[in-house]
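Step one of this worksheet: look at the structure below.
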Ligand code: NCD
């Protein structure tokens, strides 16, 4: 399919070959960071975040700067004309006339798709509600590829809020493009994957196992991807109270783990991983977050230059 000029709305917009191309470019960027420092000279990117963000926003900004381009940021919503009642369509139209690439995050599902229909420039979905977070999935898949030398044949677990978590959902969908040996979906019963995701996994013939207990599979795992409970997405606070604090990875939990198990997390983590785990060789989440820059650099390069 290739990348040039494309929007990035869902991880399923891409095939395995595309992702392998992305990984190769990211590998080269990591090995030769300054080779690319003029690659996107003169290009301007807009970051328009209608929901909180640290890593996604700052790593996109770092990525364009490291490619020799620059960025504008919509900033606090209260300080933009959105606060005066301007609609998203008009805001996107303006950004489109100013910049070459638009990166957008919004709590409403489908916002990035809507923006892509309006804008001529490529639009990158940096998260739309609980639905998609394709660039996070790219980083997660690239992290597995980097730390494990590949994705095929691995036992991978995705744990936590699989119902409202867009990072978890996008990774689960992205894994269908590869051939993991087994995919364990670990969550409290209330936070299982949504029916449409389940349907997709069945169609893709992925060997997946739903469980609420990490103990059942910890000794089998090569990759454990942990996510936070997405408190802000629960329609009913009582529903959140039922699952709050229902899982936590500690040194004790990891006793049965393989020596080379890696633990990933999209971050922010808010208590679901004991701080002592950060110091173990299993913890790869900070390195994973750092890979966000080369992966997003590779993506921006491929979208703009091919
Ligand atoms: C995630 C998100 O915003 O969906 N964070 C991220 O982009 N790295 C995960 C989360 O907020 O839990």
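Within region 159-185, the set of residues being away from the ligand (no atom under 16 Å from the Cβ) and crowded, with 19+ Cβ neighbours inside 10 Å comprises 175, 176, 177, 178, 180, 183, 184, 185. Of all residues in region 209-220, one or more are over 26 Å from residue 141 (Cβ atoms), more than 20 Å from the chain's Cα centre (by Cα) and more than 16 Å from the ligand (Cβ to nearest atom).
Between 70, 37, 53, the distinction of being surrounded by fewer than 19 Cβ atoms within 10 Å (Cβ to Cβ), closer than 16 Å to residue 299 by Cα and in contact with a strand residue (DSSP E or B) (Cβ under 7 Å, 6 or more places away or on another chain) belongs to 70 only. None of 156, 226 is touching a residue at least 60 places away in the same chain (Cβ under 8 Å), crowded, with 20+ Cβ neighbours inside 10 Å and away from the ligand (no atom under 16 Å from the Cβ) except 156.
Of the numbered criteria (1) in contact with a strand residue (DSSP E or B) (Cβ under 6 Å, 6 or more places away or on another chain); (2) on the phi < 0 side of the Ramachandran plot; (3) within 16 Å of the ligand (Cβ to nearest atom); (4) outside the structural domain of residue 267 (by TED's automatic domain parsing), the one residue 107 fails is (1).
The values are calculated or read from the model by the stated rules, or taken from the named source; none is laboratory data. In this text the structure is predicted, and so the values were computed from the model without any measurement. Note that we place each Cβ from the backbone using ideal geometry, even for glycine, and neighbour counts take in every protein chain shown.
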